[in-house]
Amino acid sequence: MEHPTDTIAAVATPPGTGGIAIVRVSGPGSSQVARAVLRRRTGAEPLPLSPRAVRVGSAVGPDGRVLDEVLALWMPGPASYTREDVLEIHCHGGPAAAQGVLGAALAAGARLARPGEFTLRAFLNGRIDLVQAEAVLDVIQARTQEALRAHEALLAGALSEEVGSWQHRLGRLLARVEAHLDFPEEEDVGSEDWEAIRDELGELAREMGRKLETFGWGRTIREGYTVALVGVPNVGKSSLLNRLVGEERAIVTELPGTTRDLIDGWTQAAGVPVRILDTAGLRAARDPVEAEGVRRAERARDEADAVILVCEAGRELLPGEEEEARRLAQRGTGVVVVNKADLGPGPLERLRALGLDPVPVSARTGQGLPALLDRIAALARGGASGPGGEAPLTRERHRAKVEDALAAVRRAGEILGRAGMPEVGASELHAARRALAELLGWGTPDDVLDQIFSQFCIGK
Ligand SMILES: Nc1nc2c(ncn2[C@@H]2O[C@H](COP(=O)(O)OP(=O)(O)O)[C@@H](O)[C@H]2O)c(=O)[nH]1
Ligand SMILES: [Mg+2]
């Protein structure tokens with residue numbers, strides 16, 4: 001992607017009303033924008049700015065009329081977010097004030113920034129790598145403190161440093177291997193030398209393998225852990241969703257078959273972001289709308305990370321519920337809850353006899369919900385990959401690149417360990433280094449960059 005040379009501007013705060021709104025400008029024309037838009041509060045003189053100091057002034061439109069009283073912050077490059085000259089104008093937090101100041105900046109020569117373009121510039125200007133740029137987006141979207149911590153670590157460069165050290169070590173090995181290519185006549189190719197190289201590649205492969213194991217957890221932290229509430233109609237699935245997310249997301253009635261569409265909401269379980277999916281009750285549908293709802297419920301049950309089978313304490317288990325409970329026991333990623341525990345124990349004993357460990361809850365009183373959230377957290381953290389240290393792989397893109405690098409390191413180790421074909425081994429080492437460079441975004445094609453940065457909000 002080309003080095004940017006123009007000047008961009010955007011409102012960096014969310015749309016709507018608030019205390020303040022911030023218009024951000026970046027690029028070589030930022031000082032020109034400042035001169036055109038900012039005035040002293042009294043008089044028509046330009047507002048004097050000094051680096052990293054805040055000034056009070058007025059923002060004026062192209063016709064010289066005062067738009068708003070503002071604070072201005074001048075951050076000349078390269079010590080700025082984008083490494084370019086950056087101007088921030090803090091105005092009052094209404095749409096008219098922010099749009100007015102933005103309009104004045106555009107009239108003064110800036111162009112409207114695309115989503116994520118400030119961060120793209122920070123990347124293109126070498127201030128952060130692609131893993132860090134992605135982490136900016138994920139920091140903004142983090143739903144729990146634990147998710148925030150993981151993404152802050154990525155943003156601070158914890159993963160980038162590890163990847164950089166792998167690259168450094170691969171580079172040193174490559175130099176040793178290539179020395180044999182350059183001077184093949186010097187036959188000092190002692191067998192020990194190759195063994196040492198193979199051992200070091202083995203150690204690298206182990207470290208990369210351990211990093212790959214963090215992906216399950218990293219993805220859970222980034223995307224959330226999806227849990228589907230399933231069960232027959234009227235057991236209280238929608239009531240549970242509402243209770244768990246703390247708002248009336250789904251309609252609750254005493255009529256079976258009320259819920260048709262999938263309805264979701266977010267909560268957290270011991271720091272894990274959890275997305276709860278409410279579904280239509282599983283039964284023979286009475287009409288085409290309900291039939292589609294049941295189909296969606298079945299799909300959600302099959303695709304969710306975990307399933308909560310909801311039964312109720314007001315009656316004994318139905319045959320269909322028993323069948324579903326057995327299915328869940330086999331799958332291993334589920335919890336059976338007996339809702340309406342305020343009415344009594346219900347089928348708790350029967351479920352225990354089936355080898356399950358049911359959780360009694362009441363959507364009405366809130367009883368048992370902390371225990372249910374603990375079980376969800378344990379499922380999210382358990383499985384093959386537990387919490388992944390301080391800098392987990394959080395995206396499929398990361399996983400794929402580390403896997404490519406690992407495969408090349410393994411091939412290089414095999415080839416060089418046999419003391420044969422150093423040129424083939426060298427090309428594998430090059431391939432490993434290339435995969436790691438791509439992980440950090442160097443040499444990444446424009447369309448991949450576009451795809452990543454288009455997920456950002458405007459002004460970031
Ligand atoms: N006693 C009692 N009734 C509940 C509880 N949870 C839900 N209900 C009632 O059960 C009925 C069905 O609830 P709903 O959430 O719509 O069930 P769904 O069809 O599974 O989504 C409603 O009348 C709720 O008020 C509970 O914990 N205790
Ligand atoms: Mg419902």
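Overview of values
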read-out	value
Complete set of residues in segment 272-314 that are more than 12 Å from ligand 2 (Cβ to nearest atom), buried (at least 21 other Cβ atoms within 10 Å of the Cβ) and assigned to a helix (DSSP H, G or I)	A300, R301
Residues of segment 296-324 that turn out to be within 16 Å of ligand 1 (Cβ to nearest atom), under 34 Å from the mean Cα position of the chain (by Cα) and aliphatic (A, V, I, L, M), as a count	6
Criterion: more than 16 Å from ligand 2 (Cβ to nearest atom), at pLDDT below 90 and either closer than 30 Å to I251 by Cβ or in a helix (DSSP H, G or I) (or both) - qualifying residue of E195, E200	E195
Some residue of segment 267-277 being within 14 Å of ligand 1 (Cβ to nearest atom) and either more than 26 Å from the chain's Cα centre (by Cα) or more than 19 Å from V361 (Cα to Cα) (or both)	no
Meets criteria (among the basic types (K, R), within 20 Å of R143 (Cβ to Cβ) and within 13 Å of ligand 1 (Cβ to nearest atom)) for R283	no
Test: residue in segment 412-419 that is modelled with pLDDT under 95, out of contact with any Lys or Arg (no Cβ under 9 Å at 6 or more places or on another chain), farther than 30 Å from G334 by Cα and not aliphatic (A, V, I, L, M)	no
Count of segment 232-268 residues which are under 17 Å from V294 (Cα atoms) and not in a loop (DSSP other than H, G, I, E, B)	4
In segment 253-269, the residues that are over 14 Å from L229 (Cα atoms) and modelled with pLDDT under 90	T253, E254, L255, P256, G257, T258
Residue within segment 434-446 that is out of contact with any helix residue (DSSP H, G or I) (no Cβ under 8 Å at 6 or more places or on another chain) and outside any loop (DSSP other than H, G, I, E, B) present	yes
Filter result (at pLDDT 95 or above and assigned to a loop (DSSP other than H, G, I, E, B)) within segment 367-383	Q367, G368
Filter result (within 13 Å of ligand 2 (Cβ to nearest atom) and polar (S, T, N, Q)) within segment 254-271	T258, T259
Residue list for segment 13-52, filter: surrounded by fewer than 19 Cβ atoms within 10 Å (Cβ to Cβ), of a type in the set (A, V, I, L, M, F, W, C) and modelled with pLDDT of 95 or more	I20
Residue, farthest from G157 (Cα to Cα), within segment 404-433, restricted to residues that are of a type in the set (K, R) and buried (at least 17 other Cβ atoms within 10 Å of the Cβ)	R411
Selection within segment 336-346 - in a loop (DSSP other than H, G, I, E, B) and at pLDDT 95 or above	K340
Tally, over segment 237-263, of residues that are in contact with a Lys or Arg (Cβ under 6 Å, 6 or more places away or on another chain) and surrounded by fewer than 19 Cβ atoms within 10 Å (Cβ to Cβ)	1
Test: residue in segment 21-31 that is outside any strand (DSSP E or B) and more than 17 Å from L112 (Cα to Cα)	no
Counted residues, segment 212-231 - those being crowded, with 19+ Cβ neighbours inside 10 Å and either of a type in the set (D, E) or assigned to a loop (DSSP other than H, G, I, E, B) (or both)	3
Hits in segment 441-459 (condition: out of contact with any strand residue (DSSP E or B) (no Cβ under 6 Å at 6 or more places or on another chain) and surrounded by 20 or more Cβ atoms within 10 Å (Cβ to Cβ))	G441, I452, F453, F456
Filter result (closer than 13 Å to I308 by Cβ and either in contact with a strand residue (DSSP E or B) (Cβ under 6 Å, 6 or more places away or on another chain) or near ligand 1 (Cβ under 6 Å from one of its atoms) (or both)) within segment 241-264	L241, L244
Total residues in segment 15-45, condition out of contact with any Cys (no Cβ under 9 Å at 6 or more places or on another chain) and closer than 22 Å to G109 by Cβ	19
Filter result for the condition that a residue is touching a strand residue (DSSP E or B) at 6+ places or on another chain (Cβ under 6 Å) and within 16 Å of ligand 2 (Cβ to nearest atom), over G231, G224	G231
Extreme residue, farthest from ligand 1 (Cβ to nearest atom), among residues of segment 219-240 that are farther than 30 Å from E390 by Cα and touching a helix residue (DSSP H, G or I) at 6+ places or on another chain (Cβ under 7 Å)	V230
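The values are calculated or read from the model by the stated rules, or taken from the named source; none is laboratory data. Source: prediction; values computed, not measured. Cβ: placed from backbone, ideal geometry, glycine included. Neighbour counts: every protein chain shown.
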